[in-house]
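Student: Take a look at the following structure, please.
The values are calculated or read from the model by the stated rules, or taken from the named source; none is laboratory data. In this text the structure is predicted, and so the values were computed from the model without any measurement. Here the Cβ positions follow ideal geometry from the backbone for every residue, glycine too, while neighbour counts run over all protein chains shown. Side chains are part of the model used for accessible areas, which takes the heavy atoms of the whole protein and leaves out ligands, DNA and RNA. Shrake-Rupley method; radii C 1.70, N 1.55, O 1.52, S 1.80 Å.
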Amino acid sequence: MNPVNLLIADDHTMFLQGIIALLEQEPNITVIDKAVNGIEALEIVKKGVVDFVILDISMPEMDGIELSKILKKQYPNVKILIVSTHSNVMVISRLIRIGVNGYLLKNAEKVELLKAINTIASGENYFAEELEEKHLSNSSRIEKQVSNLTELSSREKEILVLIAHEYNTAEIAEKTFISLNTVNTHRRNLLSKLNAKNTAGLVKYAVENGLVD
């Protein structure tokens, strides 16, 4: 395996500690640092000591999808392996479009994790076989969903996440410093853009797209 200087970003402490313990046993892998959110991870990458990042999708402050977009734009030489509980084809497709180098589910065995790291460090991409099959068999539906998500503004995404976390209109207004009418306008726009019939539909969409757990 090529030498790897690794950063691991995940807000689940037990998983973070467990994966560090596994990888620290590998002679060609150096775990440089860890982070519990995307902003913290980005600050570590900016130091220039990391060439490989393992990311979760659902993290506070900045999620793994947004972080991947920034890294691929500003630090294209940094390899990205997503390790997540999300197996939704839309999420996978979006990350492939962003340019991540691999995707594993959190129930993967250690041997597959090491295979993924080795493959990516060697210059190739690695996606779990079952995820690739799922992605290819649902490609046409994914295209439409990806298009819908990219149409959302950053404010709409923020409100969608708050809705999914069961904040009511008044709480969203207070948290985002906007009026009740503006919140309701954003809610109507979300329903329209995402072809959702009600709040339950918005929550389902947020979960399927990896915006919340």
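Student: Taking only the Cα atoms of the chain, how large is their convex hull per residue, in Å³?
Tutor: 120
Student: Sticking with this one: Give me the one-decimal nm value for the distance between modelled label points at GLU174 and LYS115, 7 Å along each residue's Cα-to-Cβ direction.
Tutor: 5.1
Student: Still on this model: Relative to the present Cα-Cα distance, how much length would full extension add between VAL207 and ILE39 at 0.36 nm per residue of separation?
Tutor: So the extension gain works out to 58.3 nm.
Student: DSSP loop (so not H, G, I, E, B), at most 14 other Cβ within 10 Å: list which GluC sites (Glu not before Pro) in segment 51-117 pass both filters.
Tutor: When the GluC sites (Glu not before Pro) of segment 51-117 are filtered for loop state and at most 14 Cβ neighbours within 10 Å, GLU109 remain.
Student: For segment 158-199, what is the accessible area per residue in Å², given a 1.4 Å probe and the full set of protein chains?
Tutor: Using a 1.4 Å probe on heavy atoms only, each residue of segment 158-199 averages 63 Å².
Student: Between LYS73 and ALA108, what is the label-to-label distance in nm when each label sits 7 Å out along the Cα-to-Cβ direction?
Tutor: 2.6
Student: Tell me which lysines have Cα within less than 19 Å of LYS175's Cα, excluding those fewer than 8 residues away on the same chain?
Tutor: Cα-Cα hits under 19 Å: LYS157.
Student: Could you compute the FRET efficiency for ARG97 and ASN28, with r as their C-beta to C-beta distance and R0 at 22 Å, rounded to 0.05?
Tutor: 0.15
Student: Here is a follow-up. Leaving out ligands, DNA and RNA, and with a 1.4 Å probe, what % of the accessible surface on the chain is carbon or sulfur?
Tutor: Carbon plus sulfur share of accessible area: 49 percent.
Student: Run the dipole for the chain about the Cα centre, Lys and Arg Cβ at +1, Asp and Glu Cβ at -1, nothing else charged, and hand back the magnitude in debye, nearest 20.
Tutor: Using only the charged Cβ atoms, the result is roughly 800 debye.
Student: Here is a further query. What are the aspartates and glutamates whose alpha-carbon lies under 13 Å from the alpha-carbon of LYS106, with same-chain residues fewer than 8 places away excluded?
Tutor: ASP10, ASP56
Student: Over the residues of segment 28-116, compute the C-alpha Rg and express it relative to 2.2 N^0.38 Å.
Tutor: For segment 28-116, the normalised Cα radius of gyration comes out at 1.02.
Student: If you take the beta carbon distance between THR199 and SER154 as r and set R0 to 22 Å, what does 1/(1 + (r/R0)^6) give as a FRET efficiency, to the nearest 0.05?
Tutor: 0.60
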